[in-house]
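*Asks:* For reference, the structure I am asking about is given below.
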Amino acid sequence: AQSVSQHNHHVILSEAASLELGCNYSYGGTVNLFWYVQYPGQHLQLLLKYFSGDPLVKGIKGFEAEFIKSKFSFNLRKPSVQWSDTAEYFCAVNARIKAAGNKLTFGGGTRVLVKP
Amino acid sequence: NAGVTQTPKFQVLKTGQSMTLQCAQDMNHEYMSWYRQDPGMGLRLIHYSVGAGITDQGEVPNGYNVSRSTTEDFPLRLLSAAPSQTSVYFCASSYQWTADRTFFGQGTRLTVV
């Protein structure tokens, strides 16, 4: 079974600061990797995903993530945050075998507060 | 509107009561799942389905039942509610098994007193 850990539970930063959220996963096989965002009171929205190819993936709202296979990591970055980036961020993995169906394993989430 | 629809949005139950959380999607997705979201624990998979008539347990299935009689609907039943089931529940669906383009419902906030 796979597991996902997110290193920071809470992050507080000021507008224009850079953001990096750590994500490590544990699984013996190949995975698909995702970052989701949940704005207050809303459902999850996909920020970006990695299936294969270039390990640096760009998503919506200026976010990007880098897959480092040797470190089992998929860290999320944004060079300059805005107040509207205040949200909870979830890293998730899906084992790349058909028997796994569309099951996603999520990390515990990181709450990001951006102060104006 | 296309998407995943969950009802109700809010529910308060007394310990021991039963209820069904409804989930419907109109995208003809084969794959559907139920997750619960608890602070600091992310989302955890309760049950999932890979097609009509096929369901299986996820990480935290105890106290919950599901069935999938149609492609569109995937209800989650709480058999005898307990305070530990206080949570936010999300239904999700996707077309492919790779979890690409997974759609989430708006969530059901359940409180068991």
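*Asks:* Using alpha carbon centroids, what distance separates segment B:6-65 and segment A:44-61, in Å?
*Replies:* 26
*Asks:* Scan segment B:1-66 for trypsin sites (Lys or Arg not before Pro) in coil per DSSP, keeping those whose Cβ has at most 12 other Cβ atoms within 10 Å, and list them by number. Show your work: numbers first, answer last.
*Replies:* Numbers: sites: B:K9, B:K14, B:R36, B:R44; in loops: B:K9, B:K14.
Those satisfying the criteria are B:K9, B:K14.
*Asks:* I'd like to know how segment B:39-112 sits against the 2.2 N^0.38 Å rule of thumb: what's its Cα Rg over that expected value?
*Replies:* Here the answer is 1.12, to two decimals.
*Asks:* While we're here: Restricting everything to alpha-carbon atoms, can you work out Rg to Rh for the protein assembly as shown with a Kirkwood hydrodynamic radius? Before the final figure, lay out each step's value.
*Replies:* Values: Rg = 17.5 Å, Rh = 18.0 Å.
My calculation puts Rg/Rh at 0.97.
*Asks:* Follow-up question, since we're still on this one. Which percent, nearest 5, of DSSP beta bridges in the protein assembly as shown are antiparallel? Please list the in-between numbers first.
*Replies:* Details: 68 of 77 bridges.
Around 90 percent of the beta bridges assigned by DSSP in the protein assembly as shown are antiparallel ones.
*Asks:* Over the alpha-carbon set of segment B:3-75, work out the extent along each principal axis and list the three values in angstrom, largest first.
*Replies:* 33, 23, 21
*Asks:* While we're looking at this one, here's another question. Across peptide A:103-116, how many C-beta atoms of other chains are within 10 Å of each residue C-beta, on average? Working shown, then result.
*Replies:* On the way: counts 12, 11, 6, 8, 3, 6, 7, 1, 2, 0, 0, 0, 0, 0.
Mean partner shielding for this stretch: 4.
*Asks:* How charged is the neighbourhood of A:E64? Take every other residue with its Cβ under 14 Å from the Cβ of A:E64, and add Lys/Arg as +1 and Asp/Glu as -1. Walk me through the numbers on the way to the answer.
*Replies:* On the way: positive: A:K49, A:K58, A:K61, A:R77, A:K78; negative: A:E20, A:D54, A:E66, A:D85.
Neighbourhood net charge equals +1.
*Asks:* In whole Å and largest first, what semi-axes does the C-alpha gyration tensor of chain A yield when each eigenvalue is scaled by 5 and square-rooted?
*Replies:* Working: eigenvalues 119, 41, 30 Å².
For chain A, the ellipsoid semi-axes come out as 24, 14, 12 Å.
*Asks:* Then there's this: Once you list every other residue whose beta carbon is under 11 Å from the beta carbon of B:V66, what net charge do they have if Lys and Arg are +1 and Asp and Glu are -1? Kindly include the intermediate steps, with their values, before the conclusion.
*Replies:* Working: positive: B:R68, B:R77; negative: B:D56, B:D73.
Every neighbour counted, the sum reads 0.
*Asks:* If you place +1 on the Cβ of every Lys and Arg, -1 on the Cβ of every Asp and Glu, and leave all else neutral, what size is the dipole of segment A:22-76 about its Cα centre, to the nearest 20 Debye? If you can, show how the numbers build up before the last one.
*Replies:* Working: 5 positive and 3 negative charges, 7 e Å.
It works out to roughly 40 debye.
*Asks:* Remind me, relative contact order of chain B in percent, using alpha carbon pairs under 8 angstrom and six or more residues apart? Could the numbers behind the result be given before it?
*Replies:* Numbers: 302 pairs, mean separation 40.4, N = 113.
Reported relative contact order: 36 percent.
*Asks:* Can you compute the label reach from A:Q82? Point 7 Å from Cα along the Cβ direction, backbone N cut-off under 13 Å, restricted to segment A:7-49.
*Replies:* Under cut-off, by backbone N: A:15-16.
Bear in mind that the values in this text are calculations on the coordinates, not laboratory data. Just so it is clear, the structure is predicted and the values come from calculations on it, not from any experiment. Neighbour counts are summed over all protein chains in view; Cβ atoms, including those assigned to glycine, are modelled from backbone coordinates with ideal geometry.
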